[in-house]
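Asks: First the structure, which I've put down as structure tokens, then a few questions once you've had a look.
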Amino acid sequence: MLTCHEIQNVCVVVNMKVLRVSEDCLSFFADGSGEKHGEIHAVFDRAINVRFQDGTLMTLVSSALDLAPMTCQVSMASFKQSGWTQGTSVVVEAERLSIGSDCLDFKKALIWAAELKSADLPEILPRSLMHQRLEQFITVLLDKGKPEGLLPYLCRTSCVPHPKNCMRDGAANPYVTFIQGRLDQFVLAYRDGSESGDAKVMTAFSRIVGFGPGLTPATDDFVAGFMAASLWAPYGKFMERRLLVQRNQKLAVLARDKTTFVSESMLAHAAHGRIAQKYRSLLELLCYGFQGNLETATLKALDHGDTSGTDFLTGAAVALIMSLDQ
């Protein structure tokens, strides 16, 4: 190992590389306010969450995972061998991150843009082709998604036509049975572009935020997918994008202290349409003229957390069905 000496600080350059880093992560590090201090919030096998003093969440992921907003990907298969634990101090500067006495260098990392600019999008898919791709996506979602989460809602909601390949008995788990009426209220209120729509959706959201187990509760994943897909959907616009982002931001603010810290951050990013790379790749295929294997992209997006991937995609599916149904 190499050792680099700094003023009043000794940092060991660990034997791992920062492979890729999200653009918003670099912007946060180099915003001109100097060093930023935080600590490790949680350690998992393939990810580490870092919480900074201003409340910002940053995630380090292993080489096996894709990027997401405020994320760095490093050349490590598992963080269990890193020796880093909850509470370990973290300090970042413009091009370096120190964890305890270890430091990581960002100078040679590839940069990923967390937010896709409209100028970078190819042509919108014709409505008929989007219908076709959406049906293919939902077929895989219902077949391979995890029904322990909110997936059965897709076949029980009164807000959209039920997909052709819905489960025959329309079975639901206790979570869906309990929450489906409230989800319907949220979905209908969200699509209300009138002046009273904001108040309706805030009230409806307050009754579902944080519901369900896990690092990101099921309803929060659903809402994140629903918000992001509503921004991406090229058809059925019910509000100007700028106003819709403002509505989303209000929901993200309302979620503070009512759900988990990780979920708060996820909702804040999704409010602007900033989502994990694998979710974005799928929405690109569903809405625009990007090329790729739709089934492969769906299966990759489903592989997130316990039911988080399924719940996110269920929310996205509802939003896209509604947009095409308008």
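Asks: Which whole-angstrom value gives the distance between the alpha carbon centres of the stretch 44-58 and the stretch 185-202?
Replies: What the calculation gives is 33 Å, centre to centre.
Asks: For helix 241-255, report the angle its Cα long axis makes with the longest principal axis of the Cα atoms of the chain; keep it between 0 and 90° and round to the nearest 10°.
Replies: The two axes meet at around 70 degrees.
Asks: Kindly report the accessible area of the chain per residue (heavy atoms of protein chains, probe 1.4 Å, no ligands, DNA or RNA), in Å². Please list the in-between numbers first.
Replies: Numbers: 15160 Å² over 326 residues.
Per residue, the chain has 47 Å² of solvent-accessible surface.
Asks: So for the chain, averaging the separation of alpha carbon pairs under 8 Å that are six or more residues apart and normalising by length, what relative contact order in percent results? Could the numbers behind the result be given before it?
Replies: Numbers: 580 pairs, mean separation 59.5, N = 326.
Worked out over the chain, it gives 18 percent.
Asks: Then there is this: Which of rounded, prolate, oblate describes the stretch 229-310, given a ≥ b ≥ c as roots of the alpha-carbon gyration tensor eigenvalues and a/c under 1.5 marking rounded, otherwise prolate only if a/b is larger than b/c? Let's see the in-between values first.
Replies: Numbers: a/c = 3.04, a/b = 1.23, b/c = 2.47.
Judged from the Cα gyration tensor, the stretch 229-310 comes out oblate (a/c at least 1.5, b/c at or above a/b).
Asks: Right, next: Across the stretch 231-277, how large is the tail of the calculated P(r) beyond 11 Å, expressed as a percent of all Cα pairs? Walk me through the numbers before you get to the answer.
Replies: On the way: 723 of 1081 pairs.
That fraction is 67 percent.
Asks: Here's another thing I want to ask about it. Mind jotting down the distance between the C-alpha centroids of the stretch 263-280 and the stretch 108-133, whole Å?
Replies: Centre-to-centre distance over Cα atoms comes out at 15 Å.
Asks: Cross-link list Lys117/Lys278; Lys80/Lys258; Lys144/Lys164; Lys144/Lys278; Lys258/Lys300; Lys144/Lys258: which exceed 19 angstrom alpha carbon to alpha carbon? Can you show the working numbers first?
Replies: Values: Lys117/Lys278 17 Å; Lys80/Lys258 30 Å; Lys144/Lys164 16 Å; Lys144/Lys278 16 Å; Lys258/Lys300 29 Å; Lys144/Lys258 31 Å.
Flagged as over cut-off: Lys80/Lys258; Lys258/Lys300; Lys144/Lys258.
Asks: Mind ranking 234-242, 94-102, 304-312 by how tightly packed they are, going by the mean number of other C-beta atoms within 10 angstrom, highest first? Before the final figure, lay out the partial values.
Replies: Details: 234-242: 13.9, 94-102: 17.9, 304-312: 24.6.
Going by the mean number of other Cβ atoms within 10 Å, highest first, we get 304-312, 94-102, 234-242.
Asks: Given that just one value was derived from the coordinates, which of [x] 36; [y] 28; [z] 47 is percent of Cα pairs over 30 Å apart?
Replies: Among [x] 36; [y] 28; [z] 47, the one calculated here is [x].
Asks: Still on this model: State whether the stretch 139-199 is rounded, prolate or oblate according to the following rule on the C-alpha gyration tensor (a ≥ b ≥ c being the square roots of its eigenvalues): a/c under 1.5 gives rounded; otherwise a/b larger than b/c gives prolate, and the remaining case gives oblate. Walk me through the numbers on the way to the answer.
Replies: Values: a/c = 2.66, a/b = 1.91, b/c = 1.39.
It is prolate, given that a/c is not under 1.5 and a/b is the larger ratio.
Asks: On to the next question. Over the stretch 18-112, what percent of the accessible surface lies on carbon and sulfur atoms, probe 1.4 Å?
Replies: 48 percent
Asks: At q = 0.13, 0.14 Å⁻¹, what base-10 log of I(q)/I(0) does the Debye formula yield for the stretch 72-164 when every alpha carbon is treated as an equal point scatterer in vacuo?
Replies: -0.83, -0.86
Asks: Quick one: net charge around Met70, please, counting Lys, Arg +1 and Asp, Glu -1 for every other residue with C-beta under 15 Å from its C-beta. Display every interim value, and only then the final one.
Replies: Numbers: positive: Arg20, Lys36, Arg51, Arg274, Arg280; negative: Glu23, Asp24, Asp31, Asp54, Asp66, Glu115, Glu264.
Combined, the nearby Lys, Arg, Asp and Glu give -2.
Asks: A further question follows. By a straight-distance test (C-alpha under 17 Å), which lysines pair with Lys108 as possible cross-link partners, with residues fewer than eight away in the same chain excluded?
Replies: Lys17
Asks: Enter the mean projected area of the convex hull around the alpha-carbon atoms of the stretch 18-112, in nm², rounded to one decimal. Please report the intermediate quantities before stating the final value.
Replies: Working: hull surface 20.8 nm².
One quarter of the hull surface, i.e. the mean projection, equals 5.2 nm².
The values are calculated or read from the model by the stated rules, or taken from the named source; none is laboratory data. Every value quoted in this text rests on a predicted model; they were computed, and no experiment measured them. Note: ideal-geometry Cβ built from the backbone for every residue, glycine included; neighbour counts use all protein chains shown. Ligands, DNA and RNA are excluded from the accessible area calculation, which covers all protein heavy atoms including side chains. Shrake-Rupley method; radii C 1.70, N 1.55, O 1.52, S 1.80 Å.
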